[in-house]
Amino acid sequence: MLNYFNILAWPDRSEPLEIQYIFELLGTYFFAISGALALKGKEPDWFAATFTGFLTAIGGGTLRDVLLNSYPLVWIGDTAFLYAILLGVLTTFILHKVVFRLKKTLMLFDSLGIAFFTVLGVEKAQDLGVQPEVAAIMGMFTGVMGGVIRDTLTNEMPVIFRKEIYATACLAGAGCYLLLEPYVLRDWNLLISILLVVLIRIIAVLYGLTLPRLK
């Protein structure tokens with residue numbers, strides 16, 4: 001049985017940190033920033049920014065774990081993720097004069113968040129024994145649902161319903177990871193697939209690329 005006090009304690013990191021774990025924390029950090037940034041112009045207080053950043057950061061991973069029946073949820077079993085969220089919110093508040101002035105800042109941090117979470121979502125789904133096609137969908141859910149929750153909370157149309165290339169970028173990264181898995185070392189595969197998602201998002205935004213629309 002999982003010890004309650006072990007859940008509340010800082011995780012044992014006597015062994016070297018794996019790149020996957022580092023990427024998970026980075027994804028959480030970036031998504032927390034994107035959640036806090038989404039309140040720009042609404043004059044949020046600390047609680048509002050932290051709450052939005054928290055739900056943005058844990059939303060996709062929580063949905064994935066619930067669908068895959070994986071417990072305890074990642075952020076419950078490892079409090080380092082809560083500290084990553086807090087650090088992201090603090091970064092937004094401390095550097096708000098800088099980050100609020102940077103055009104496309106929200107897009108950048110959101111792209112980094114969905115990239116990390118998509119690829120890591122695919123890997124976790126595979127570890128739990130699902131088929132590759134399902135793993136790709138779980139990776140996409142992990143990547144996009146945090147943004148959906150963020151946009152809903154801030155009374156914006158969720159980005160997956162806009163004409164931007166968003167979920168498609170996640171599926172491309174998930175597919176890349178699955179295709180390269182037999183041929184490329186795991187750490188390099190993670191990095192390549194993450195960079196692909198970010199690259200697709202940046203190119204799509206810069207050049208206004210969209211998918212064909214239903215008429």
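Worth pointing out:
- Lys-Lys pairs in the chain that are eight or more residues apart or on separate chains and whose Cα atoms lie under 16 Å of each other come to 5.
- Debye intensity ratio I(q)/I(0), log10, the chain, q values 0.07 Å⁻¹ (C-alpha model): -0.20
- Residue among Leu67, Gln20, Met107 farthest towards the positive dipole end of segment 17-207, charges placed on Cβ: Met107
- Dipole check for segment 17-207: with +1 at the C-beta of Lys and Arg, -1 at the C-beta of Asp and Glu, and the Cα centre as origin, the magnitude is about 740 Debye.
- When the chain is treated as a GNM with alpha-carbon contacts under 10 Å, the residue of Ile22, Ile58, Ile137 showing the greatest mean-square fluctuation is Ile22.
- Solvent-free Debye calculation, one equal scatterer per alpha-carbon of segment 49-170: log10 I(q)/I(0) at 0.10, 0.15 Å⁻¹ equals -0.31, -0.70.
- Longest exposed-site-free window of the chain, the sites being GluC sites (Glu not before Pro) in a DSSP loop that have at most 13 other C-beta atoms within 10 Å: 19-155
- Given in Å, the Rg to one decimal and the Dmax to the nearest whole number for the Cα atoms of segment 170-215 are 13.0, 44.
- The string of couplings for segment 116-122 from the Karplus curve (6.51, -1.76, 1.60, θ = phi - 60°) is 4, 5, 4, 5, 5, x, 4 Hz, one whole number per residue in order, with x for Gly and Pro.
- Here's the picture: a label point sits 7 Å out from the Cα of Glu133 along the beta-carbon direction, and within segment 171-215 the residues with their amide nitrogen under 17 Å of it are 171-172, 174-176, 178-179.
Since every read-out is calculated from the coordinates, none of them should be taken as a lab result. These figures come from a predicted structure and were not determined experimentally. Heads up, the Cβs are rebuilt from the backbone with ideal geometry, glycines too, and the neighbour counts pull from every protein chain shown.
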